1. I need a count of the residues in the stretch 138-151 that are open to solvent by 40 Å² or more (accessible area, probe 1.4 Å), more than 9 Å from the ligand (Cβ to nearest atom) and touching a helix residue (DSSP H, G or I) at 6+ places or on another chain (Cβ under 8 Å).
2. Which ranges mark the helices (runs of 4 or more DSSP H) fully within the stretch 260-379 that have 3 or more residues being open to solvent by less than 60 Å² (accessible area, probe 1.4 Å) and over 30 Å from Ser2 (Cβ atoms)?
3. Quick one: is Ser48 small (Gly, Ala, Ser) and open to solvent by 40 Å² or more (accessible area, probe 1.4 Å)?
4. Hey, does the stretch 219-227 have a residue that's open to solvent by less than 60 Å² (accessible area, probe 1.4 Å), closer than 30 Å to His97 by Cα and either touching a strand residue (DSSP E or B) at 6+ places or on another chain (Cβ under 8 Å) or not charged (D, E, K, R) (or both)?
5. Tell me, which strands (runs of 3 or more DSSP E) wholly within the stretch 98-179 include 2 or more residues that are touching a Phe, Trp or Tyr at 6+ places or on another chain (Cβ under 8 Å) and closer than 23 Å to Val259 by Cα?
6. Can you find even one residue in the stretch 152-171 that is more than 16 Å from the ligand (Cβ to nearest atom), in contact with a Pro (Cβ under 9 Å, 6 or more places away or on another chain) and open to solvent by less than 40 Å² (accessible area, probe 1.4 Å)?
7. Which condition from (1) within 26 Å of the chain's Cα centre (by Cα); (2) away from the ligand (no atom under 16 Å from the Cβ); (3) not aromatic (Phe, Trp, Tyr) is the one that Pro226 breaks?
8. Among the numbered criteria (1) assigned to a strand (DSSP E or B); (2) surrounded by fewer than 14 Cβ atoms within 10 Å (Cβ to Cβ), which one does Ala77 miss?
Amino acid sequence: MSKRQILVTHALPYVNAGLHLGHLVESLQTDFWVRFQKLRGHECRLFSGDDTHGTATMLRAQQEGRAPEALLDEMRAAHLADLEAFGIEYDHYGSTHSETNRALVYEIWAALRAADVVEEREVTQLFDPETGIFLADRFVRGRCPRCDSPDQYGDNCDACGATYEPSELIDPRSSLSGAVPEERSHPHLFVKLERFHDFLDEWTQTPGRLPTETANWLRATFLSEPLRDWDVSRPAPYFGFEIPDAPGNYFYVWLDAPVGYVASTQEWCEAGNGALDDWWRNPDCEIHHFIGKDIAYFHTLFWPAMLKTAGFQLPSTVHVHGFLTVNGEKMSKRKGTFVLGRTYLDHLSPEYLRYYYASKLSSRVDDLDLNLDEFVQKVNADLVGKVVNLASRTARFVKDRTLPDAYPADRDGGLFEKAAEAGEEIARAYEIRDNARAMRLIMALADRANEFVETKAPWVLKKDPEKAEELLEICAIALNLFRQICIYLAPVLPRFESESARLLGLEGSARWKDAATPVVGTRVEKFRHLMERVDPEKVAAMTEASREAVAASEASVSPEASGSGTASEALAGEPLEAECTIDDFGRIDLRVAEIVAARAVPKASRLLELELSLGGSERRTVFAGIKKAYDPEKLVGRLTVLVANLAPRQMKFGTSQGMVLAAGTGDEDLFILSPDSGARPGQRIR
Ligand SMILES: [Zn+2]
């Protein structure tokens, strides 16, 4: 086996938020793979860092009244602390807001200019005259041009699913200032991606480059027609790198973000680890990116085009994974299943999550479901019940004794030899990132080892002083099988391996091939308990704490909090309407209504069809965009508030006769109103 040189990255976490369990699906599988390669004796290095630029960072720093750099430092430290607490080992963790990255971005930009693939064109966009900022689609809200629903984003309508241009919104407002946006045009710089079409056809469709699903998707979508030019500039104000030959304009965050992989490598090289070109301009170096499916097109179209133009080595493989669901659903703040890494660590051991994710991760682009009951059951049954148990019920009988000088192969029924042979199959599974298969193979070895212990019953041998030698041999076999299993688990659970080494009096770090050679002639140390069972109450406490964290962040925008001079987040996001009179208000007829039936509208991702009773036989059908926030069956029987005299609206799925009132920003963050108990259907609200 020749020694490979492997550079690995996972996507750079964005600086604007803490890491949640979804982020960890990616960073953990990356860490498993890197640790596996190192165990196999390869030179493998892991680089990542924070992704920092963009309007979101600029606005948040402004809102918090501090320099963006202060925000960056704080978030990078928080991200790194979480990632390291989950056991992820980086060779370097950088930031895209560094002089190293700036120089590399400029170098790549100069190459794109020299290749004559950059073009300048006017772009007309909505502009906020109060803040002086061109508005991205999500910063414009107004009424849907198709169904007239209020408060919709600039690119699509939550209520009817229409997509449109921000300029088509009725009565648009900037969500930054509440100002009426104006249309303005500004020159933007574009990379003419179509020039790379033949190259990208070949590169993306090369077997082994991308998961088959991703390669097919690219071929059926982007690559089936001329590639659109990529808009890589943003006018000031913007937090990022100013474009050297276009002052007043900044590189779009997605241009400089992946360059952060190279910058992180370079910073590591400059710390005394060799030359960047040995990694990024070396055809013998493999480059592997781990990313989520949502950012696949940045990494498989724009990024290879940039690298190729600037003469860098292209990625060997881009590993693409799906999203995390919890208990079969999208993570939900309301249900407490939107769990930050930090909240998890407050309650549970990172090793539980490492093993559980490994047991679920295949090499396909599938979503991964964290089922919290299964999480408890699987960790307890496999790690505690099979692996830890194997050592805990044998090591104590031979504490302080010396293992035989020859491994008693005649007594083990070929178990050690078979497990040594299984090592190559397990390695193949790790190599192709089929961690789930690797875990199944390892647990099958653990099952056979436990059967052996069960049959030989060392606790019985212990009672007979004449069988002391047999006891030693049986325990030596069990502990050697345990040691093998710990080496195979080491990419996922490195501490299990180091503890097994300590227990058997070994020194130095393990290599994969050590699993093929039994440990003999060393002294057995005292067994230290390796892992406690997962306590389901701690899992419940974690979800409760996650719910409370959401409630606390909502309470912080209460009127008291905003009275201190800082703007309420809710009010800033949606300024108060112009004053109205009591007569204006009187024209809106609000009624208490009982939800008597509710069902999901198929093919509409956000709509529920509600049947509302206003008392007696008076019924209304209303389509409400609350599907992501409410299970329909749980709504039946409750009272809510209906805008009863709203003109009926013809929608794709039927006519909506009125509107149900709700607060919140959309999707899961929606809260329908209820009157206090005692109100009756049909009563007017004034
Ligand atoms: Zn609409």
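1. 0
2. Working: elements: 277-280, 303-309, 341-347, 350-360, 372-378.
Output list reads 303-309, 341-347, 350-360, 372-378.
3. Working: small (Gly, Ala, Ser): yes; open to solvent by 40 Å² or more (accessible area, probe 1.4 Å): no.
In short, no.
4. Narrowing the stretch 219-227 to residues open to solvent by less than 60 Å² (accessible area, probe 1.4 Å): 221, 223, 227.
If we keep only those that are closer than 30 Å to His97 by Cα as well, we get 227.
Add one more test, that the residue is either touching a strand residue (DSSP E or B) at 6+ places or on another chain (Cβ under 8 Å) or not charged (D, E, K, R) (or both), and what stays is 227.
For the stretch 219-227, residues open to solvent by less than 60 Å² (accessible area, probe 1.4 Å), closer than 30 Å to His97 by Cα and either touching a strand residue (DSSP E or B) at 6+ places or on another chain (Cβ under 8 Å) or not charged (D, E, K, R) (or both): present.
5. Values: elements: 118-128, 140-143, 170-174.
Strands (runs of 3 or more DSSP E) meeting the threshold: 118-128.
6. No: zero hits.
7. (1)
8. (1)
The values are calculated or read from the model by the stated rules, or taken from the named source; none is laboratory data. Quantities reported herein were computed from a predicted structural model and do not represent experimental measurements. Cβ sites come from the backbone with ideal geometry, for glycine too, and all protein chains shown count toward neighbours. The accessibility values were calculated without ligands, DNA or RNA, using every heavy atom of the protein model including side chains. Shrake-Rupley method; radii C 1.70, N 1.55, O 1.52, S 1.80 Å.
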